[in-house]
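The values are calculated or read from the model by the stated rules, or taken from the named source; none is laboratory data. Please read all numbers here as calculations on a predicted model, not as lab measurements. Note that we place each Cβ from the backbone using ideal geometry, even for glycine, and neighbour counts take in every protein chain shown. Note: areas computed on protein heavy atoms with side chains; ligands, DNA, RNA excluded. Shrake-Rupley method; radii C 1.70, N 1.55, O 1.52, S 1.80 Å.
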Amino acid sequence: MKSSAHIFIDEFGDNSLNVSKEGTPSHFIYTAVVINETSLGDARFLRKYIVDDYFQGKYMKSNRIGNDNKGIYKRIKIIKILESLDHYVYSLVIDKEKLKSVPIHFNQVFYKFFNKIFAERFKKIHEDIHLYLDKFGYPEFQKSLTDYMKSNGLDANLFSNNSFRLLDDIEEEPLIQFADFYSGCIGKTYCVSHYDSRFDKIHELIKTRLFVDFFP
């Protein structure tokens, strides 16, 4: 059954294809947290609850938790709180090693290409989709990406209420912080160069609401 969905997107890794360079993630992982419009109020309430309890009332960021045993415990506590929220998580795991043969200009369209994949997938499932991506890059790039997504069906018009917006995840749309949190958890499972076996228990907790595709 189709429905209106608000989709919050963040990432793990970067778009550098030089995976032989030390520290460069082997995979790029795009993660979306999908929440029906009727559950947005619950989502905002839970985010504030989590921030107040685990982030000193500031903002929710995966890299502020840490990856040691204490951090794993905190992540598990947060995931258990999120179990009460009606949502699902979708991740696209991109093997950058397999992209090294593509034209060099691919770096320039990297984000456009994978955001379009996201949009096409969700348009098949939900009646209306509203994508919120954590703001990054120069203003010229932000405008280029926004215009590109609008030209590919992410624009409100007489036939659709779809939308795409680049927003700061602290000041403008804090629910993007959920995608940042899940990206940090999922990245440590599916990014080979950054794999951490301690995150296996986290994967067990989220796998019932997690959908993963691989590219290419």
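Taking N36, is it at pLDDT 90 or above, open to solvent by 40 Å² or more (accessible area, probe 1.4 Å) and under 20 Å from the mean Cα position of the chain (by Cα)? In short, yes. For the range 182-209, a tally of residues being within 14 Å of G13 (Cβ to Cβ), surrounded by fewer than 16 Cβ atoms within 10 Å (Cβ to Cβ) and touching a residue at least 60 places away in the same chain (Cβ under 8 Å) returns 2.
State which residue is modelled with the highest pLDDT when the search covers only the range 91-116 and only residues that are surrounded by 19 or more Cβ atoms within 10 Å (Cβ to Cβ) and of a type in the set (S, T, Y). Going through the qualifying residues, I end up with S91.
Report yes if some residue within the range 82-90 is in a helix (DSSP H, G or I) and either modelled with pLDDT of 85 or more or out of contact with any Gly (no Cβ under 6 Å at 6 or more places or on another chain) (or both); otherwise report no. Yes; the residues of the range 82-90 include at least one that is in a helix (DSSP H, G or I) and either modelled with pLDDT of 85 or more or out of contact with any Gly (no Cβ under 6 Å at 6 or more places or on another chain) (or both). Of the residues screened, L131 is not one that is surrounded by 14 or more Cβ atoms within 10 Å (Cβ to Cβ), in a loop (DSSP other than H, G, I, E, B), in contact with a Ser or Thr (Cβ under 8 Å, 6 or more places away or on another chain) and on the phi < 0 side of the Ramachandran plot.
For the range 4-48, a residue qualifies if it is of a type in the set (D, E), in contact (Cβ under 8 Å) with a residue 24 or more places away in the chain and within 24 Å of D213 (Cα to Cα), and the qualifying residues are D10, E11. Condition first: under 17 Å from Y111 (Cα atoms) and among the charged types (D, E, K, R). Can you find one or more residues in the range 180-201 that meet it? Within the range 180-201, one or more residues are under 17 Å from Y111 (Cα atoms) and among the charged types (D, E, K, R).
Here is a yes/no grid of residues against (1) in contact with a helix residue (DSSP H, G or I) (Cβ under 6 Å, 6 or more places away or on another chain); (2) surrounded by 15 or more Cβ atoms within 10 Å (Cβ to Cβ):
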{"site": "P25", "(1), (2)": "yes, yes"}
{"site": "I29", "(1), (2)": "yes, yes"}
{"site": "R47", "(1), (2)": "no, yes"}
{"site": "K58", "(1), (2)": "no, no"}
{"site": "I65", "(1), (2)": "yes, yes"}
{"site": "N69", "(1), (2)": "no, no"}
{"site": "I72", "(1), (2)": "yes, yes"}
